[in-house]
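Here the structure comes first, spelled out in structure tokens, and everything after it is commentary.
The values are calculated or read from the model by the stated rules, or taken from the named source; none is laboratory data. Since the structure is predicted, the reported quantities are computational estimates derived from the model, not experimental observations. For neighbour counting, all protein chains shown are included, and Cβ atoms are generated from backbone atoms with ideal geometry for every residue, glycine included. All accessible areas refer to the heavy atoms of the entire protein, side chains included, with ligands and DNA or RNA removed. Shrake-Rupley method; radii C 1.70, N 1.55, O 1.52, S 1.80 Å.
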Amino acid sequence: MSRSQMFPRLRPLVLLKRFDEYVVVYDSKYSSLDLIHPSHALLLSLCTGSCSLEQITYLVRETYELSSGEANEFVNAQLRRSRHFLEILDEPEPIDLPRYEPREFLYNIDEAQLAVNRGRPLPVPLGISLTLTLTCNFRCRYCYQNVSTDKQGRLDLTKCLELVREAADWGVTFFGITGGEPTLFKGWMTVLEQIISQGMSPLLTTNGTVIGTKQSIAQHLHAIGLRQIVVSLDASNPQLHHHITNSRNSFAKVVNAIRSLIDAGIRVAVKYVLTPLNIADLEDFLDFVIELGVSEVGISYMEAGAQGSHANLLPNLTQEQLDAARKLVLAKRGTCQGVCEIHPPRDAACTWGHSGWYPCGGLYAGMSIFPSGRVAICDKLGDVDLFTYGNVFEQSLHEIWNGDAFRELRARTVDKSRIDPDCANCSKLNLCRTGCPVDSMKAFGDYFAKHPNCGGPF
């Protein structure tokens, strides 16, 4: 495909955020981030789906007074680096409104300092995940939460609203509410309304059962400003759904929720966890949710979970099953372009290359708060003292983020005497910090082992 037939477009939940010494590019859906030069951000800001790659290269060439060869080399290199933040279309399909003004990124920085900053946390976390409650009306067989965790939390509505206001004043961009099932928390909708009114982007994942009880709930969610929601659904029929979730009479409520949300004008993305239990239902499931009118389907390979979680007990797919599922999903995606965006499961056997790897966002850009008030790097690690570094009932968010406990945890992840030798000798260590500790623990019994998918050292 020629450069005139390629139309790059920044993915919907990708953020460009300017700081004095760098620009952050961050995908809230996949918790993927990078610290980039402003010129790289300018290039990404031009990826609106309306300009061809040829036109973008011309604009970059003229802006920075480059030769044609220099412009092509720069654009190609940066698009390779940021490919996972982009969609590449074969015809113009612009977003409704331009998201970024390219001139915002016409400033210079110290490039040597940029390399140093890649080993530091952001001044302000881009996103906060608030677990309102660990109570859930499902007992999903693939759940990554620790089902033995004490369900009694200290969070109440007053404290939640205080945290939302504090995060907004601090400059946090994304604020997610999760669980358990977040809609079982008394006052969940008030928390969501406060997130939106404070100017932050809300992230809400739900099993839909509460929303599906009354159509007015979806209408109210639209009225307070919610424009996108993620609903978990893993089967196309009641029998399989109830088996996977260990629930009764819930399938109709989830489907009603999806229909009501779509009717209310809210974009619905469905989250589907692929396991040996539902792989035979995959094609029927895709047909079912596409007919419902969902805008997006994210299919994930079952992840490692917290210690004691169901996800670590349920047998996972074989590589042969996963390959067949990916083939089926890619074929279906090809027939649904423009109707429903479908994301295939990742290839669990894929080895990270020099640019195809992802650091732990919790050590750089995110903060997870649990019902007890404990703060951890990840929703899966709230029970692990090593990865918790504060409590919101004792300190402010700012104090926790800049405190000694978080600083010591980050130092532990790059202590070359205590991590895998490959990691110790890798040029990406200060950003990667050995990758996802949950994946490493499941694979090797060590939170600081080299990530099982890493092809380094680099």
Reachable lysines from Lys428, Cα under 17 Å, same-chain residues fewer than 8 places away excluded? Lys416, Lys450
Suppose only helical runs count, i.e. DSSP H with n ≥ 4. What mean residue ellipticity at 222 nm does that imply for the chain under -39500 (n - 2.57) per run, divided by all residues and rounded to the nearest 500 deg cm²/dmol? -9500 deg cm²/dmol
Alpha-carbon Rg/Rh ratio, for the stretch 1-92, with Rh computed the Kirkwood way: 0.95
Hey, what do the phi angles of the stretch 438-451 turn into as Karplus ³J(HN,Hα) couplings, whole Hz, using 6.51/-1.76/1.60 and θ = phi - 60°, x for Gly and Pro? 5, 4, 5, 5, 5, 6, 10, x, 9, 4, 10, 6, 4, 4
Can you tell me the relative contact order of the chain? Whole percent, Cα pairs under 8 Å, sequence separation 6 or more. 14 percent
Would you mind getting me the FRET efficiency between Ser67 and Ala424? Use the beta-carbon distance for r and R0 = 51 Å, nearest 0.05. 0.80
Relative to a virtual label point 7 Å from the Cα of His222 in the Cα→beta-carbon direction, which members of the stretch 242-276 show backbone nitrogen distances below 11 Å? 260-267
Summed side-chain charge close to Asp422 - residues other than Asp422 whose Cβ falls under 14 Å, Lys, Arg +1, Asp, Glu -1: +3
In the structure displayed, which of Lys159/Lys253; Lys214/Lys442; Lys17/Lys332; Lys214/Lys327; Lys159/Lys271 lie more than 32 Å apart, Cα to Cα? Lys214/Lys442; Lys17/Lys332; Lys214/Lys327
Whole-angstrom Cα spans of the stretch 173-256 along principal axes, big to small: 42, 23, 22
May I have the convex hull volume per residue, in Å³, for the Cα set of the chain? 146 Å³
For the stretch 341-458, what number results from the quotient of the Cα radius of gyration and 2.2 N^0.38 Å? 1.12
Rank Gln337, Val230, Asn402 by how far each Cα sits towards the positive end of the charge dipole of the chain (+1 on Lys, Arg Cβ; -1 on Asp, Glu Cβ) and give me just the farthest. Val230
Residue list for the stretch 88-107, given a label point 7 angstrom along the Cα-to-Cβ vector of Glu54 and an amide N cut-off under 20 Å: 88-94
Charge dipole (debye, nearest 20) of the stretch 213-286; +1 at Cβ of Lys and Arg, -1 at Cβ of Asp and Glu: 380 debye
What's the carbon and sulfur percent of the chain's accessible surface, probe 1.4 angstrom, rounded to a whole number? 49 percent
Considering all projection directions equally, how large on average is the shadow of the alpha-carbon convex hull of the stretch 92-249, in square nanometres? 14.1 nm²
Can you find, among Ile290, Gln219, Tyr301, the residue sitting farthest towards the positive end of the charge dipole of the stretch 209-334, where Lys and Arg contribute +1 and Asp and Glu -1 at Cβ? Gln219
Unit charges on C-beta of K, R, D, E only; dipole of the chain, Debye: 740 debye
Per residue accessible area of the stretch 54-184, 1.4 Å probe, in Å²: 53 Å²
Place a +1 charge on the Cβ of each Lys and Arg in the stretch 388-458 and a -1 charge on the Cβ of each Asp and Glu, then give the dipole magnitude about the Cα centre in debye, rounded to the nearest 20. 240 debye
Taking 30 Å as R0, compute the FRET efficiency from the Cβ-Cβ separation of Thr135 and Cys336 and round it to 0.05. 0.25
